[in-house]
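Report on the following structure.
The values are calculated or read from the model by the stated rules, or taken from the named source; none is laboratory data. These numbers were taken from a predicted model, which means no experiment stands behind them. Quick reminder, even Gly has a Cβ in these numbers, built from the backbone with ideal geometry, and neighbours come from all protein chains shown. Quick note on the areas: whole protein, heavy atoms, side chains included, nothing else; ligands and nucleic acids left out. Shrake-Rupley method; radii C 1.70, N 1.55, O 1.52, S 1.80 Å.
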Amino acid sequence: MIRNVEYMLEGGRDGVLLIHGLTGTPNEMRIVAKGLHRAGFTVYAMQLAGHCGDEQDLIATRWQDWCASVEVAADRLAGCVDRLFVAGLSMGALLALKLAADRPHQVHGVGAYG
């Protein structure tokens, strides 16, 4: 059973998409999300495909599924803001960099957390 634990903190017209790491959850980005929100950003902490459920949910997904879920989340946030930034933790950082490389017209900046 997959639980939806993503969240959005509405702020200004600049938005940051936060991507958690492998086997992580959007909750691991909460401290960063709160800081960005206090700074005036709209923040969307997305949930990667196959995460926040059981082990079988994660095993059933591939990296392409994670990329697709990042693209869907980016489109969702882009519909709410004027400028989109993306940041991720560990594997989420790699996915953030991939999104920026694939969509340079959409992503205005990247944060990579290790």
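Worth a mention:
- Applying the criterion of being among the aliphatic types (A, V, I, L, M) and not in a helix (DSSP H, G or I) to the residues of segment 55-111, the residue that is nearest to residue 10 (Cα to Cα) is 81.
- Some residue of segment 87-97 being at pLDDT 95 or above and exposed (fewer than 15 other Cβ atoms within 10 Å of the Cβ): no
- Hey, residue 43 of a type in the set (A, V, I, L, M, F, W, C), out of contact with any Ser or Thr (no Cβ under 9 Å at 6 or more places or on another chain) and at pLDDT 95 or above or not: yes
- Annotation for segment 14-35: no member residue is open to solvent by 10 Å² or more (accessible area, probe 1.4 Å), of a type in the set (Asp, Glu) and part of a loop (DSSP other than H, G, I, E, B).
- For residue 49: the one exception among (1) at pLDDT 90 or above; (2) hydrophobic (A, V, I, L, M, F, W, C); (3) in contact with a Ser or Thr (Cβ under 6 Å, 6 or more places away or on another chain): (1)
- Number of positions in segment 75-85 that are more than 13 Å from residue 42 (Cβ to Cβ) and surrounded by 15 or more Cβ atoms within 10 Å (Cβ to Cβ): 0
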